[in-house]
Amino acid sequence: MRLLRYNEFDVRLNPFEHKISTEELCKVIGDAEILIAGTEKITEQVFESAPNLKLISRVGIGLDGVDFELCKKYGVKVAYTPDAPTMAVAELCVGLILDLGRQISITNKNIRSGIWKRHMGTLLNGKTVGIFGMGRIGKSLIHLLSNFNVNFLVHDINPDIAYGRLHNVKFGTKIDVLKYSDIISVNIPLKEDTKDFITSKELDLMQTHAILINTARGGIVNEEDLYNCLKENKIAGAAVDVFEQEPYKGNLCELDNCILTCHMGASTVDSRTDMEVQAVEEAIRFKNEKPFKNEAFANV
C-alpha cells in the first residue's frame with residue numbers, strides 16, 4: 001500500500017471479507033486500469049465490466065485463472081510473480097514427503113484420540129524421487145532434497161539439461177517416473193494438456209509403496225481416481241494441497257492415508273509479502289512505461 005500511494009495510484013481494495021468471486025469483481029472493478037489479482041477467474045464478463053483495464057498483475061505463479069486469448073482480444077497485458085512463492089512451495093513439498101513417510105499426521109491424530117501406536121515409516125534416504133516439471137519449484141525441490149541422498153527421476157517437456165547434470169538428475173518419460181519412483185511430486189502448471197494428467201491409468205503404474213504429492217493445481221490429478229486408488233491401497237499415500245473446487249469438502253477427507261492442506265503452498269509471511277510487493281512493482285513499471293520483470297505472455 002505504501003508503494004502504491006507513494007507512486008500516486010488511486011487504490012480500491014476488495015470490499016468483501018472473503019476471496020472475491022468473478023461476479024463480485026465485475027461489480028467493483030469499474031474504470032480501473034490495473035488489476036492486482038489473486039486466483040480469481042478473469043472471464044470475459046470481467047473484461048466487459050472494465051473498459052479501461054490495461055494490466056493484470058497476478059500475485060503468485062499460477063496463471064490458469066487468466067484467459068490469454070481474452071487478454072489479447074481486449075489488449076490487456078499480464079504480469080506475474082513466479083519467483084516469490086517458489087521456495088515456500090518447495091519447502092511444503094518436502095514437509096509433506098516427510099510427513100507421509102513417517103506417518104506424522106496420523107500418529108498425532110491417534111494420540112489425541114487415545115491411541116498409542118508406533119507406525120513403521122520409511123526412510124527418505126536412498127529413495128527415487130520422481131518429479132513432473134523441473135521449473136522453478138521443481139528445481140528448488142531438487143536443491144532441498146539433494147542432502148537426503150535421494151535419486152532424482154524427472155519428466156519435463158523442455159528439460160534444463162545443465163541443471164540436471166549438476167544434481168545428477170536422470171530424465172525419463174512420464175511412464176518411467178510413474179513406474180520407478182518411490183515418491184512423485186507434481187510441479188507442472190494446469191493447462192489444457194495437463195488437465196487429468198494423472199488418472200487411474202497413471203496411478204495403476206505406480207508402485208504399491210509409492211506416495212504422490214500435488215502442490216501444483218487442482219485438476220492435474222483426478223481427485224475421484226485418486227480417492228479410489230487410495231481407498232483400495234494401490235499406493236501407500238498421497239498429499240494434496242490444491243483442488244478443483246476450493247474450499248474442498250470431497251471424499252478424500254475420509255482417508256487416513258491422504259494428507260490434505262488448504263492451498264497453502266505460498267502461505268508464509270515472507271513469501272506472501274514478496275508476492276504482493278512484486279505484483280505492485282510490476283504495476284509501477286507499467287505506469288512508468290518500463291519493461292516488466294515477468295510478463296506472462298512471454299511464458300505461454
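The values are calculated or read from the model by the stated rules, or taken from the named source; none is laboratory data. What you see is a predicted model, and the numbers here were worked out from it, not measured in a lab. Neighbour counts run over all protein chains shown; Cβ positions are idealised from the backbone, glycine included.
Take the residues in the range 248-267 that are modelled with pLDDT of 95 or more and polar (S, T, N, Q); name whichever of them is nearest to Arg217 (Cα to Cα). The selected residue is Thr261.
If you check Ala238 against the conditions, is it closer than 15 Å to Thr208 by Cα and in contact with a helix residue (DSSP H, G or I) (Cβ under 7 Å, 6 or more places away or on another chain)? Walk me through how you get there before you give the answer.
Values: closer than 15 Å to Thr208 by Cα: yes; in contact with a helix residue (DSSP H, G or I) (Cβ under 7 Å, 6 or more places away or on another chain): yes.
The answer is yes for Ala238.
Val177 falls short on exactly one of the conditions (1) over 20 Å from Ala236 (Cβ atoms); (2) β-branched (Val, Ile, Thr); (3) in a helix (DSSP H, G or I); (4) in contact (Cβ under 8 Å) with a residue 12 or more places away in the chain, and that condition is (1). Scanning the range 206-247 for residues being aromatic (Phe, Trp, Tyr) and either out of contact with any Gly (no Cβ under 8 Å at 6 or more places or on another chain) or outside any loop (DSSP other than H, G, I, E, B) (or both) gives a total of 1.
Selection of the range 62-83 for residues being crowded, with 20+ Cβ neighbours inside 10 Å and either among the acidic types (Asp, Glu) or touching a Gly at 6+ places or on another chain (Cβ under 9 Å) (or both) yields Tyr80, Thr81, Pro82.
Going through (1) surrounded by 17 or more Cβ atoms within 10 Å (Cβ to Cβ); (2) under 30 Å from Ile34 (Cβ atoms) one by one, Leu96 falls short only on (2).
Considering only the range 127-137, I want to know if a residue exists there that is without any contact (Cβ under 8 Å) to a residue 40 or more places away in the chain, of a type outside the set (Ser, Thr, Tyr) and in the same structural domain as Leu166 (by TED's automatic domain parsing). No: zero hits.
The residues in the range 229-259 that are within 14 Å of the chain's Cα centre (by Cα) and of a type in the set (A, V, I, L, M, F, W, C) can be counted, and the count is 4.
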